[in-house]
1. Keeping the other protein chains in place, figure out the carbon and sulfur percent of the accessible area of the range 37-133, with a 1.4 Å probe.
2. Please report Rg (one decimal) and Dmax (integer) in Å for the Cα set of the range 16-127.
3. Of the peptides 90-96, 192-198, how do they stack up when ordered by the mean number of other Cβ atoms within 10 Å, highest first?
4. Which value, in Å to one decimal place, does the Kirkwood hydrodynamic radius take for the range 192-237 when every pair of different Cα atoms is included?
5. Regarding the chain, what whole-number volume in Å³ per residue does the convex hull of its Cα atoms give?
6. Which Cα, out of Pro139, Pro122, Ala103, lies furthest along the positive dipole direction of the chain (beta carbon charges, K/R +1, D/E -1)?
7. Report the residues of the range 140-182 in range of a label on Asp57: point 7 Å along Cα→C-beta, backbone N strictly under 18 Å from it.
8. Ignoring ligands, DNA and RNA, what accessible area per residue does the range 35-163 give at 1.4 Å, in Å²?
Amino acid sequence: MTRLTVHRYGPPAEPGAGVPILAIHGVKGHGRRFRRLAEEAWPGRQTLAVDLRGHGDSTWDPPWDVATHVADLLETLDAEGVRQVAVVGHSFGGCLATHLAAAASDRVERFALLDPAIALPPARSTAEAEETRRDEGWPTREAAREARRADRPDHAKDVADEDLAAHLREDPDGRWRFRFSRPAVVVGWSEMARPPVSLAGFHGHGLLLVAGREEYVTPALRSALDRDLGPRLKVRTLDVGHMVFWDAFEATAAIVTAFLAGAAVPAGDADEAQATAAPG
């Protein structure tokens, strides 16, 4: 029995349809956050969206380090009978995607990193971990809804409602919280402060999708990806916050779908603005 819950979308993998897609969420998240991408952006591809250890319906047992997460992912692929995948990882999920590609390069055809959190400044990781440690949720479900909708632009507020329906619960103390282990998330923030893993042995292609209004994608990560992937790396930027596939769904879907299909990857809106402003 695998330790990770898998949310399955799309048809079983068939010859010529492309390898299955493994979708990996960030800390505090869950696999069903990829439902819309799986069902609307690439409905013809099989998507396996996991709940990571310490999240959702998967085991919450420690350890919660990167090596254990990677072992969980490989165990899940084996249990699903999947030899090779394309990986889509958001935030901490992007960090895990790079470590999976480094540890088992033959299992990863390509990876798309959606505003990955890798090599974060220690002070930022500490602050984020402290915020998680002190998180007491909300006194009512409606308070949670108001807070989560306030974080989204008008066109993406309904996403918050879907997320609450899938991920919010009332605990025995009467407080409403998302279904994740706070110790697991604290460890995750520590892992996101680690230097980028070497991808020198990975021979697939990579996509780096940057949220232009955030600072999760660090110069250290950009330098490492450029060094290890060279021309096999595509970089695109969208003028949105960290939840790129919520707040810019259509643009994210177009970029990631093209990349997964091995087609020409369209420019992001921030890329187009930079190109227009460039001299000559």
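The values are calculated or read from the model by the stated rules, or taken from the named source; none is laboratory data. Because the structure is predicted, anything quoted here is derived from the model rather than measured. Cβ placement follows ideal geometry from the backbone for every residue including glycine, while neighbour counts extend to all protein chains displayed. All accessible areas refer to the heavy atoms of the entire protein, side chains included, with ligands and DNA or RNA removed. Shrake-Rupley method; radii C 1.70, N 1.55, O 1.52, S 1.80 Å.
1. Carbon and sulfur: 51 percent of the exposed surface of the range 37-133.
2. Rg, Dmax (Cα atoms, Å): 13.6, 47.
3. Working: 90-96: 27.9, 192-198: 17.1.
The packing order, highest mean first, is 90-96, 192-198.
4. 11.2
5. 131
6. So the residue we want is Ala103.
7. Taking a point 7 Å out along Cα→Cβ of Asp57, the residues of the range 140-182 whose backbone N falls under 18 Å are 162-170, 178-181.
8. Details: 5130 Å² over 129 residues.
Here the per-residue accessible area is 40 Å².
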